[in-house]
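Asks: Dumping the structure here so I can ask a few things about it.
The values are calculated or read from the model by the stated rules, or taken from the named source; none is laboratory data. Just so it is clear, the structure is predicted and the values come from calculations on it, not from any experiment. Don't worry about glycine lacking a Cβ; one is built from the backbone with ideal geometry, like all the others, and counts go over all protein chains shown.
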Amino acid sequence: MNKPQDSLMPRPVRDSQSEITEVVLPNDTNPLGSLLGGRLMHWIDVAGALAAHRHARSYVVTASIDHMDFWTPVHVGDLVILRSSVNRVFNTSMEVGVKVWVENYLSDESRHVSSAYLTFVAIDAAGRHLKVAPVVPETEAEKRRYEDAGRRREIRKAERDRRESNA
Ligand SMILES: CC(C)(COP(=O)(O)OP(=O)(O)OC[C@H]1O[C@@H](n2cnc3c(N)ncnc32)[C@H](O)[C@@H]1OP(=O)(O)O)[C@@H](O)C(=O)NCCC(=O)NCCS
């Protein structure tokens, strides 16, 4: 868990904010031309990892992805915008939120497709867990997400314990 001291200085949420834009191509879709859920989950994982890397300044692995809903279909030719940032840091892990939008440049419409919370764990090149610098929420929305992330961690842990006891 050793890391240079300056990499453990608190950093604002805005330093981790990341955005990816993807255009939906035929290879990303089902036979009806709608985006595959699995492809979107892959992009969400990548967008989440970007924010986690930017904040932790280290390698990270995905420990978990919370429940996800897909609220609106996305079609071939649409633009998918994924925005991510670190909601809260715990010790070696951090929760990242990813919000997904679809834009149709012909109709100039934008719709919310999905939101996801991912937990990443910081590791070094040998796979050892690393302590992560605290994140500082500044805006009202960031403070709300920070508080909510604490509650979600408790729920995740309780669910994990329940699954392990049933295994
Ligand atoms: C995730 C992983 C690093 C956890 O390691 P571990 O030694 O089992 O976990 P520990 O109990 O030491 O916990 C380490 C941290 O991860 C968190 N964590 C562990 N499992 C978790 C889970 N399923 N969901 C959320 N957080 C989790 C712990 O809360 C802890 O956080 P903290 O340090 O901030 O308090 C390990 O299981 C792993 O490497 N998994 C594979 C990751 C991977 O390859 N992902 C890509 C997809 S296959």
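Asks: Just give me the residues in segment 29-87 being within 12 Å of the chain's Cα centre (by Cα) and small (Gly, Ala, Ser), in sequence order.
Replies: ALA47, GLY48, ALA49, ALA51, ALA52, ALA63, SER64, SER84, SER85
Asks: Same structure, new question: If you check VAL86, VAL80, VAL74, VAL98, which single one turns out to be buried (at least 24 other Cβ atoms within 10 Å of the Cβ) and more than 30 Å from MET9 (Cβ to Cβ)?
Replies: VAL74
Asks: Ok, one more. Looking only at residues that are under 11 Å from the mean Cα position of the chain (by Cα) and touching a residue at least 40 places away in the same chain (Cβ under 8 Å) in segment 88-106, which one is nearest to ILE155 (Cα to Cα)?
Replies: The extreme case among them is GLU95.
Asks: If a residue counts only when it is within 13 Å of the ligand (Cβ to nearest atom) and modelled with pLDDT of 95 or more, which strands (runs of 3 or more DSSP E) contained entirely in segment 2-116 have at least 3 such residues?
Replies: 59-65, 79-89, 93-104
Asks: Here is a further query. What are the residues in segment 117-132 that are more than 9 Å from the ligand (Cβ to nearest atom) and assigned to a loop (DSSP other than H, G, I, E, B), if any?
Replies: Of everything in segment 117-132, those that are more than 9 Å from the ligand (Cβ to nearest atom) and assigned to a loop (DSSP other than H, G, I, E, B) turn out to be ASP124, ALA125, ALA126, ARG128, LEU130.
Asks: Consider only pairs whose beta carbons are under 6 Å apart and that are at least six residues apart or on different chains; among these, list those whose first residue lies in segment 31-46 and is among the basic types (Lys, Arg) and whose second residue is surrounded by 15 or more Cβ atoms within 10 Å (Cβ to Cβ).
Replies: Every condition considered, the pairs that remain are ARG39/ASP28.
Asks: Something else about it: Part of a helix (DSSP H, G or I) and crowded, with 19+ Cβ neighbours inside 10 Å: which single residue out of ARG156, ARG145, ARG152, ARG162 fits that description?
Replies: Unique residue meeting the criteria: ARG145.
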